[in-house]
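Structure record follows, encoded as structure tokens.
The values are calculated or read from the model by the stated rules, or taken from the named source; none is laboratory data. Bear in mind that the values here come from a model prediction, so they are computed numbers and not experimental data. Cβ: placed from backbone, ideal geometry, glycine included. Neighbour counts: every protein chain shown. Only protein heavy atoms, including side chains, enter the accessible area calculation; ligands, DNA and RNA are left aside. Shrake-Rupley method; radii C 1.70, N 1.55, O 1.52, S 1.80 Å.
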Amino acid sequence: MDRFDFKFELLHICAQSGARLGRLHTPHGIIDTPCYMPVGTQATVKAILPRDLKKIGASIILSNTYHLFERPGHALVKEAGGLHQFMNWDRPILTDSGGFQVFSLAASNKIKEDGVEFRSLLSGQKYFFTPEFVMEIEEALGADIAMVFDECAPYPSEYAYAKAAMERTHRWAKRCKESHTRADQALFGIVQGGTFRDLRVESAKYLAELDFPGYGIGGLSVGEPKPIMYEMLEELMPFMPATKPRYLMGVGSPDCLVEGVIRGVDMFDCVLQTRIARNGLALTGNGKHMLRNAAYEHDFSPIEEGCDCYACKNGFTRAYIRHLVKCKEILAAQLITVHNLRFSLRLMEQVRAAIAEDRLLDLRDEWKAKGALD
RNA sequence: GGAUGGGUUCCCGAGCGGCCAAAGGGAGCGGACUGUAAAUCCGUUGUCAUAGACUUCGGUGGUUCGAAUCCACCCCCAUCCA
């Protein structure tokens, strides 16, 4: 494809909260921000059809470089015509770089200056990921947005280590940028720096200079208390280019989504919604409901009164879903997944509307009072 | 009627003199889950209770310092033989 202009329109800033309302243009469509991106690690958002993802308003989904590299292999995805065609999803896709896997599977990996040596947990095979190789994979996958290969320091980390990981991430970001060739794919840099303010600021500044079309904020929500994550966001945000989208990686729960938006985040992704769905936990406007629990045995109301998801609109009751969960029926995962995703996407729709009306803090407080953010 | 194998805590099922309130599953109950090694994982499940105490292994007796475990009789169940 020809060069694509990944224009990010900053439409409005909430007078009450400072939250940003925007619109990101990609080859496969426009994304209204702030947005929540459902995660489809293995080229599928678990337990839901692409058709239904579209229906509930998912404008972009995530997939994973590391997983697809291992299975089925990026060459195969390329042979299929790219990830969109392979998984039958014609809206935007963002691929994570595998940097998080380096961190989350650290026991079996060696981090070196040039890249990371992986011992695959799937096959036992050894691989060596360099920034250049990751770019090759991500280009073969062909997502609208690719992430640079980064190193995500765990929490807690020593200052020296967080600094070293951040600096390595910076060098890798530069190398990613230099080796990235697809003009129809945006490459986002990733801010690191652990839980250290000065590092976060330094990282934001450094990456801003590299001039990426968008920026991930990585290494947060990795076990640190929420106030620390919020503080880091507040510290680094003034140094993020205002005209570029900001993507808080791996976040989050309803409360983190709202608090993130208030602190200037434009994009989020999180596996929580789909994972807890498969474990019987539903998100609602008055808090989480563990539908497996005996409390719902005779509860013939929908997961959430007034919800417009397929499960809630079509007579699927809590009692029935509890039955399905207890029987480990696949339909339980499907129904709760569609609900949790719709809940989160609707939450973001409402957040966007509130930004436009300069009342996001009011909305946050209303939700808090109702328990929606518990 | 005879032979053999069995009857264990909600269920299945180990245990075969003390380390047994009794392995392991299942089921039940509860919890966790935030760039997905996750339709996963963890806890709990006799009673009262802090410790600790008390009642359990078909029934009744017995042997023993001590029995789910050994003995006797009885009651059930399964298979086979008449």
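With springs only between Cα atoms under 10 Å apart, run a GNM on chain A and tell me which of A:Ile13, A:Ile303, A:Ile137 wobbles the most.
A:Ile13
Give the residue list of GluC sites (Glu not before Pro) in the stretch A:249-304 that are DSSP loop and have at most 15 other beta-carbon atoms within 10 angstrom.
A:Glu297
Find out how many positive minus negative residues lie around A:Met229, taking Lys and Arg as positive, Asp and Glu as negative, among other residues whose Cβ is under 12 Å from that of A:Met229.
Net charge around A:Met229: -3.
Dividing the alpha-carbon Rg of the stretch A:289-374 by 2.2 N^0.38 Å yields what?
Values: Rg = 14.8 Å, N = 86, 2.2 N^0.38 = 12.0 Å.
Here the Cα radius of gyration is 1.23 times the empirical estimate.
Restricting attention to the stretch A:299-374, which trypsin sites (Lys or Arg not before Pro) occupy a DSSP loop and are surrounded by at most 10 other Cβ atoms within 10 Å?
Filter output for the stretch A:299-374: A:Lys328.
Take every Cα pair under 8 Å in chain A that's 6+ residues apart, average their separations, divide by the length, and report that relative contact order as a whole percent.
19
Show me the GluC sites (Glu not before Pro) within the stretch A:74-171 that DSSP assigns to loop and that have at most 14 other Cβ atoms within 10 Å of their Cβ.
A:Glu113, A:Glu158
What are the extents of the Cα atoms of the stretch A:1-116 along their three principal axes, listed from largest to smallest and rounded to whole Å?
Dimensions of the stretch A:1-116 along the principal axes of its Cα atoms: 47, 34, 33 Å.
If each DSSP helix of 4+ residues adds -39,500 (n - 2.57) and the sum is divided by the residues in chain A, what number results at 222 nm, nearest 500 deg cm²/dmol? Don't jump to the answer; show the numbers that get you there.
Values: 15 runs with 153 residues, N = 374.
Roughly -12000 deg cm²/dmol at 222 nm, from the helical runs in chain A.
When 1/r is averaged over all different Cα pairs and the result inverted, which Kirkwood radius in Å belongs to the stretch A:218-374?
Over the stretch A:218-374, the inverse of the mean reciprocal pair distance is 16.5 Å.
Would you tally the net charge around A:Glu9, using a Cβ to Cβ cut-off of less than 15 Å, leaving A:Glu9 out, and scoring K and R as +1, D and E as -1?
On the way: positive: A:Lys7, A:Arg20, A:Arg23, A:Lys244, A:Arg246, A:Arg352; negative: A:Asp5, A:Asp32, A:Asp266.
It works out to a net charge of +3.
If you roll a 1.4 angstrom probe over the protein chains with everything in place, what fraction of the accessible area of the stretch A:1-90 belongs to carbon and sulfur, to the nearest %?
49
What's the magnitude of the charge dipole for chain A around its Cα centre, counting Lys and Arg as +1 and Asp and Glu as -1 at the beta-carbon? Answer in Debye, nearest 20.
So the dipole magnitude of chain A works out to roughly 880 debye.
If you roll a 1.4 Å probe over the heavy atoms of the protein chains, what accessible area per residue do you get for the stretch A:141-209, in Å²?
Dividing the accessible area of the stretch A:141-209 by its residue count gives 35 Å².
To test your reading of the geometry: what angle, between 0 and 90 degrees and rounded to tens, separates the Cα axis of helix A:330-356 from the longest principal axis of chain A?
Tilt of helix A:330-356: around 70 degrees.
Once the other residues with Cβ under 14 Å from the Cβ of A:Tyr161 are scored (Lys, Arg +1; Asp, Glu -1), what is the net sum?
Surrounding charge for A:Tyr161 is -1.
Between their Cα atoms, which of A:Lys78/A:Lys205; A:Lys46/A:Lys328; A:Lys226/A:Lys313; A:Lys288/A:Lys326; A:Lys46/A:Lys288 are more than 25 Å away from each other?
Among A:Lys78/A:Lys205; A:Lys46/A:Lys328; A:Lys226/A:Lys313; A:Lys288/A:Lys326; A:Lys46/A:Lys288, the Cα-Cα distance tops 25 Å for A:Lys78/A:Lys205; A:Lys226/A:Lys313.
How big is the shadow of the Cα convex hull of chain A, averaged over all directions, in nm²?
17.6
Can you tell me how the stretch A:334-374 classifies by the Cα gyration tensor, rounded, prolate or oblate, using a/c under 1.5 as the rounded cut?
oblate
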